[in-house]
Amino acid sequence: MKRLRDLFRRRAELGDLNAEIRSHLDEKIASLIGAGMPRAEAEQAARRAFGNVTHVEDAARDVWRRPRVDDLVADVGFAFRFLRRSPVFAAVAVSSLALGIGANLAVFTVINAMLLRPLPVDHSGALVVFSRRDADTGRTNSLTFGEYTDLRTRTSSFVGLVAHAGGDGSLQVGATLVPNAGERIRYARVSSNFFEVLGVGMAAGRGFLPVDDSSVDPERSVVLSYDFWQRRFGGDPSVVGQPVIVFRDVPFTVIGVAARGFRGIEADERTDAWWPVGTVKILFADRLAGWNVTVMGRLKPGIPLAQARADAQVAHAALVVDEAAAHPNWNDARRRRFLTQRFDVSSGRTGIAEALRAGFTQPLYALMASVAAVLLIACANVGALLLARTAARRRELAVRLALGSGRARIVQQLVTENALLIAIATMGGVALVPLALRTILGYAPAAAATALDTAPDLRTLAFVVAMAFTMALIVALLPAIRSTRALEGALSAGTRGRGGAPRRSRVHHWLLGSQVALSVALLVVAGLFVRTLQNLRGVDAGFDRKTVVLVTLNSGAATTAIARKVVPALETIPGVQSATFYANLGLLGGGSAMSDCIIDGTLPGASAEVTCAMMQVGPRFFETTSTSIVAGRAFATGDEPPAAQVAIINETMAQQYFGRWSPLGQRIQGKLIVGVARDTKYTSLREPAPRMMYTPVGGGWTVADVRFALHSHRTIAELTGPIKRAIVDAGVTQSVTAIESLGAIADATLARERLLAKLASWFGLLALVLACIGLYGTMSFAVARRTNEIGTRLALGATRARIIGGLMIEFGTPVAIGSAGGIAVTLAVSRLLSRFLFGLGATDPTTIGGAVLVLGLAAAAAAFLPARRASGTDPLIALRAE
Amino acid sequence: MSRGEPRDLFPGALEIMVLRVLHREPLHGYALVQRIQQASSDLLRVEEGSLYPALQRLLKARLLRAEWTVSSTNRRVRTYRLTRAGEKHLATEVSRFEQMLKGVSQVLALRNA
């Protein structure tokens, strides 16, 4: 601090020393003249008495000198000039490092947003989240609201437990309903203690009153997020207390606005509105107890996580025993599965984003590793170039050393030059982050891409600092120390510098080899991911992706009653061959819950499996989605319950349940199997079809999760207007929230694979380019240093081809060894990789061979140019230079 | 001070004298030299230039402060005066100096055996 102040005092206190000294001399001369001395003599005498003016000035300035700082300033200036003198080198070094830094920082930012950033609530470290998995499949089994209320009474380690069920929906602002006027929002139904337990304040109004959600009639109230309040109401405080929100045809009163910055507990969503979970009862009178919820809790102060986990596990174990006892009709397999579920309590500091984290955590860390490898390549590259350059400056440095510069002083200067490079590159890298982030998030699931909080924070800052520090170690310090080590002998050894040369080139070969290894590994990984994506895109989904369009009303909140009005309207649209609807998801809408599917009676070879995915479908479903029926028949009029009880199962189920026996005529859950449909993908193109059973939607049913499908060869753009009009004309007030082609939906299930393929390709390409730049640079410097050797050989009769061949072989060795190393690296991580691959193995020889070939060709091209230039050396010039 | 000019006096002596003289009255550089030589009855030969590095050292240590003024001979001069810290420093230095002189003169007063 004092040093900093001195920096500013220096100028002020030093004053105009020159003027002061002149004034001193004038006064002296005047007084000497006054004493009778002639002017010329007086001037001389005054100067004699004063001493050497220049020395005095220097000595006075020296008082203020801060040697280290002044040296540093000089070094930075020198480094700038040095970089300006070699713009190509500076551009290559800075841009390769900047690309590496930008990519690393962008990937880290996504990791930070998805996995590390704590919720903006009081003491987020005390938050925990409950989870439960099937012991056999590892699949997550949601807790129900009934179980949540049970856990609240059975545990004692928590200040409170909250229940949370997020969803996408459409709400309308205003007191009356207007068709197609809704807007998509992310909402959550939460237990009424939600804001209190999380410790989230209100920006306006109040939170929910703490009531017993399961028994008391719910408040018809809604709490808005600060952002939504700003966006939709311009932050108008008078909306609090007003019934200005209509959700699923029910008006709600805004009672509060959550604190600014709180966007809910989902890291991958931005919640716009919260309802009390009790409002489920308004729409579905008896379904609250079975409603799936996420349970979070806040630890009592001083209670460690392990203790709370044990407490909750005991409570859960007692709970499932009670629950199983209440269902005497369950068969043994079902009972065993239910009782062996694994219950866990883990930190809820970063909120929830289960699906996203399950799918992307490992890929993101894999990408982080790849992108770190790219940066390492860039560092090795720049390090090698710097080493080569300092080698070329050996004479300059040796002269300075001989003239009395300390080695530390020279190292400091070299480090300053290199650190300047890193500083510029870091700034460039940071500037690239927004672009890189947009690219990465462009491949991520759309909702998450907009919701993730990617604002920089202390963790990103720490990451940048750590990255710059690591680079400084590799790029700046090592070459500087290395290149001054052997300097003492450099002057006597002459220009050829025989002394240190073999060792230096060994370092170069090491750097080169490791760059090649990392590049090959990244290229292989990129190739594997790209081919995985291709394989998945080409996979047979079982339905027709090109001609099926899906329409969603009010985010699936349409009922079967509405569906029966909408379908005929859709079928009147020109170019639409047929339309249908279906309920309870499927057709890649997911739906992870499996229902009971138990064969009536016993069959030889009947499977022990007792569950399957269920889909309720409207008329002409199989025809509309082009799902072929491989045995038996499709549904026909008159098949609907309660008049008839029929079902169609898919091939997988037929195979697993009945083996070589025909399922036709058999009964499952009391339903007669009339047909077998082709397997169709259910949750994603990646996963094999589950066991599936289709049933017709019954006459009087009110299923709430309805989607529409229509078969048409026209494009989405052509169909959008007519579809919306047809739905309004049918007298339906609910808004259309999505019109998507089944192909696009299928493609969206490949978000992870696409992200991996695209980014791995970018990184692989980057690595390849960097490795080639490195090879080119190293080769150029190597041949420049050996000009007279090459000249001598040419003078002695060596042909150009031989010179080129010799150099290529010399540099081919580290490339070959590096390639082998790269293959070894990919083999080492093949187990890890294969989890993300589809339709090929991690050791796929074509991909590995292709990667090596691409790198080999690029490397050969990069090495050939300088080698050819060297072989064109004029022997006379080369020898004269000696 | 490592690169300081060779001085006729021992290190630090000039600074104490400057402080002592300025303690009496604020002065500018030329007047300061005159006053020191006058006060020492011209026994001490101070190279006039060496005064300025000494003044800078004292400024840096915040024992002095300086301002541009107009002298009695109507010249623009930089006048130096003691700060509070300078006064304190002077007091301690003078007593240390006297201790040292006392020690030196006792040694010099040794009689031959």
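The values are calculated or read from the model by the stated rules, or taken from the named source; none is laboratory data. Keep in mind that what you see is a predicted model, and the values were worked out from it rather than measured. Cβ: placed from backbone, ideal geometry, glycine included. Neighbour counts: every protein chain shown. The accessibility values were calculated without ligands, DNA or RNA, using every heavy atom of the protein model including side chains. Shrake-Rupley method; radii C 1.70, N 1.55, O 1.52, S 1.80 Å.
Quantify how much of the Cα-Cα distance distribution of region A:724-833 extends past 15 Å, in percent. Roughly 81 percent, rounded to a whole number. Other residues within the sphere of radius under 11 Å centred on the Cβ of A:Arg232, judged by their own Cβ, net out at -3 (K and R +1, D and E -1). Taken one residue at a time, the phi angles of region A:372-382 give Karplus couplings (6.51, -1.76, 1.60, θ = phi - 60°) of 5, 5, 4, 5, 4, 4, 4, 5, 4, 4, 5 Hz. Gly and Pro are set to x. The alpha-carbon of A:Lys546 sits under 19 angstrom from the alpha-carbons of these aspartates and glutamates, leaving out residues fewer than 8 places away in its chain: A:Glu571, A:Glu623, A:Asp679, A:Glu718, A:Glu740, A:Asp747.
Normalising by residue count, region A:115-179 has a Cα convex hull of 233 Å³ per residue.
In terms of its C-alpha gyration tensor, region A:249-351 has an oblate overall shape, because the principal axis ratio a/c (a ≥ b ≥ c, square roots of the eigenvalues) is not below 1.5 and a/b does not outweigh b/c. Both radii were evaluated on the Cα set of region A:182-320; the Rg over Rh quotient, with Rh as the Kirkwood radius, amounts to 1.00.
With R₀ fixed at 41 Å, the C-beta to C-beta distance from A:Asp544 to A:Arg831 puts the FRET efficiency at about 0.65. Using the Cβ-Cβ distance between A:Leu435 and A:Val88 with R0 set to 25 Å, the FRET efficiency from 1/(1 + (r/R0)^6) comes to roughly 0.55. Remark on the protein assembly as shown: hydrodynamic radius 36.3 angstrom, per the Kirkwood mean of 1/r across alpha carbon pairs. At q = 0.24 Å⁻¹, work out log10 I(q)/I(0) for region A:303-344 with the Debye formula, treating every Cα as an identical point scatterer and leaving solvent out; two decimals please. Debye intensities relative to I(0), on a log10 scale: -0.77. Per residue of chain A, the DSSP helices (runs of n ≥ 4 H) give a summed -39500 (n - 2.57) that works out to -17000 deg cm²/dmol at 222 nm. Normalised per residue, the accessible area of the protein assembly as shown is 46 Å², obtained with a 1.4 Å probe and no contribution from ligands, DNA or RNA.
On association of chains A and B, roughly 2400 Å² of accessible area becomes buried (total for both chains; probe 1.4 Å).
Excluding same-chain residues fewer than 8 positions from A:Lys565, which lysines have a Cα within less than 25 Å of its Cα? Counting by Cα, and skipping residues close in sequence, A:Lys565 has these lysines nearby: A:Lys724. Shape of region A:628-768 from the C-alpha gyration tensor: oblate (a/c of 1.5 or more and a/b not above b/c, with a ≥ b ≥ c the square roots of its eigenvalues). Helix A:751-785 and the longest principal axis of the C-alpha atoms of chain A enclose an angle of approximately 20°. Net charge of the neighbourhood of B:Arg78, taken over other residues with C-beta under 10 Å away and scored Lys/Arg +1, Asp/Glu -1, is -2. Taking the centroid of alpha carbons for each part, region A:190-232 and region A:810-882 are 61 Å apart.
With a Förster radius of 25 Å applied to the C-beta separation of A:Gln656 and A:Val321, the computed FRET efficiency comes to 0.25. Ignoring aspartates and glutamates fewer than eight residues from B:Lys102 along the same chain, the ones with Cα atoms less than 19 angstrom from its Cα are B:Glu93. Surface composition of chain A: carbon and sulfur atoms hold 60% of the protein heavy-atom accessible area at a 1.4 Å probe. Measure out, as a whole number of angstrom, how far apart the alpha-carbon centroids of region B:75-105 and region A:130-177 sit. That distance is 80 Å. The distance linking region A:261-312 with region A:609-641 is 36 Å (Cα centroid to Cα centroid, whole angstrom).
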